[in-house]
């Protein structure tokens, strides 16, 4: 679900919304992983199986998302791709 929201924000190129989603996911996941789940399961975070690995993957996602926030969205230039530079039979079937 978060990836779909992230792609919609990317399409709209809204840095402010991306920052809001970044804060919401970081806070939400930390509350869920470190407070809610240990109370429900009755065991600490490190002993819950695959959750530490999943948390590591989410941290990598947050890192690259923060880099995207820092550098901004890149401008898309369609003429950079060799398939879209000219018109022909091959390009017609590959790009449609």
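Taking residue 27 and the conditions (1) part of a helix (DSSP H, G or I); (2) surrounded by 12 or more Cβ atoms within 10 Å (Cβ to Cβ), which numbered condition does it fall short on, given that it satisfies the others? If we test residue 27 against (1) part of a helix (DSSP H, G or I); (2) surrounded by 12 or more Cβ atoms within 10 Å (Cβ to Cβ), just (2) comes out false.
Only a single criterion out of (1) within 17 Å of residue 66 (Cα to Cα); (2) free of Cβ contacts under 8 Å to residues at least 12 places away in the same chain; (3) surrounded by 10 or more Cβ atoms within 10 Å (Cβ to Cβ); (4) out of contact with any helix residue (DSSP H, G or I) (no Cβ under 7 Å at 6 or more places or on another chain) is not satisfied by residue 16, namely (3). Of the residues making up region 31-44, those that are touching a helix residue (DSSP H, G or I) at 6+ places or on another chain (Cβ under 9 Å) and either within 18 Å of residue 61 (Cβ to Cβ) or in contact (Cβ under 8 Å) with a residue 40 or more places away in the chain (or both) number 2. Given 87, 55, which one is at pLDDT below 80 and either in a loop (DSSP other than H, G, I, E, B) or surrounded by 10 or more Cβ atoms within 10 Å (Cβ to Cβ) (or both)? Residue meeting the stated conditions: 87.
The values are calculated or read from the model by the stated rules, or taken from the named source; none is laboratory data. In this text, all values refer to a predicted model and were calculated from it rather than measured experimentally. No Cβ is skipped: glycine too gets one built from the backbone with ideal geometry, and neighbour counts run over all protein chains shown.
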